[in-house]
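Read the structure below first, then the notes.
The values are calculated or read from the model by the stated rules, or taken from the named source; none is laboratory data. Given the structure is predicted, the values throughout are model-derived calculations rather than measurements. Methodologically, a virtual Cβ is constructed for each residue, glycine included, from the backbone with ideal geometry; neighbour enumeration extends over all protein chains shown. What goes into the accessible areas is simple: the full protein's heavy atoms, side chains included, and nothing from ligands, DNA or RNA. Shrake-Rupley method; radii C 1.70, N 1.55, O 1.52, S 1.80 Å.
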Amino acid sequence: MDSPVPIALASIASFGYLLIRRKLAQVSVITVTRYAHQLTLLRLLLLCYAAWRLGDIDWRWIFALFAANVLLDVVDGFVARRLNQVTRFGMVFDREVDGIYVLVACLYFHLAAGVGAWILVPGLLPYGYRLIAWMMGNPAIAGRKRPHAAFLAGVNFVLLLIAVALPQDRQLIALFISASIVTLSFLVSFWELLRLRNESAVL
């Protein structure tokens with residue numbers, strides 16, 4: 001884990017797979033002209049820059065990049081609804097960038113802030129979940145929206161942002177709460193995946 005490159009490549013591969021799987025690659029060039037999608041693309045570029053500079057820029061810059069990402073996430077959702085630009089591509093694109101934010105933040109805390117490797121678990125859970133869903137023959141379930149998911153994601157985003165500026169002892173508390181939220185959320189998702197598989201087997 002001396003380099004974020006392997007995890008970054010896994011994240012890019014996951015994003016590409018979802019575009020192909022949902023047959024969205026053909027429309028992505030057209031739909032990216034929408035304002036909401038441009039804002040999401042800007043988020044992705046900011047996160048790519050943050051990932052590239054994780055180990056050699058001051059934490060204040062990381063905080064600013066993460067804060068800009070969280071703010072743009074709120075704005076692009078508002079713009080999409082206000083301008084009636086909500087699309088399937090936009091939902092997948094936004095969700096993938098959300099996952100990349102969590103992954104980059106986890107990499108920052110591990111590589112630059114010295115937090116143990118356990119902090120990588122929340123960042124990798126979405127990709128592990130999708131892989132397991134695909135192996136079980138039910139990849140579509142990974143894209144389903146769940147009750148309170150947006151609220152929990154918002155809480156987690158803010159916790160990760162605040163943790164960047166906290167002293168080490170308080171930072172660990174914030175990160176533990178963040179990791180617990182993500183882990184419990186995905187445990188529920190895994191349980192639902194197993195339940196649906198068992199129901200399908202009975203039918």
Considering residues that are modelled with pLDDT under 90 and β-branched (V, I, T), the number found within segment 49-73 is 1
Reported set for segment 146-183 where residues are outside any helix (DSSP H, G or I) and surrounded by 12 or more Cβ atoms within 10 Å (Cβ to Cβ) is L166
Residue pairs within 7 Å by beta carbon, gap of at least six or interchain, first lying in segment 34-52 and more than 12 Å from N69 (Cβ to Cβ), second open to solvent by less than 70 Å² (accessible area, probe 1.4 Å) and in a helix (DSSP H, G or I), listed first then second, are Y35/V79; A36/D76; A36/V79; A36/A80; A36/G90; H37/T31; H37/G90; H37/F93
Wholly inside segment 33-125, helices (runs of 4 or more DSSP H) that include 1 or more residues that are surrounded by 17 or more Cβ atoms within 10 Å (Cβ to Cβ), touching a Pro at 6+ places or on another chain (Cβ under 9 Å) and not charged (D, E, K, R) are 35-52, 88-111
Going through (1) open to solvent by less than 60 Å² (accessible area, probe 1.4 Å); (2) more than 24 Å from G128 (Cβ to Cβ); (3) at pLDDT below 85 one by one, Q26 fails only at (1)
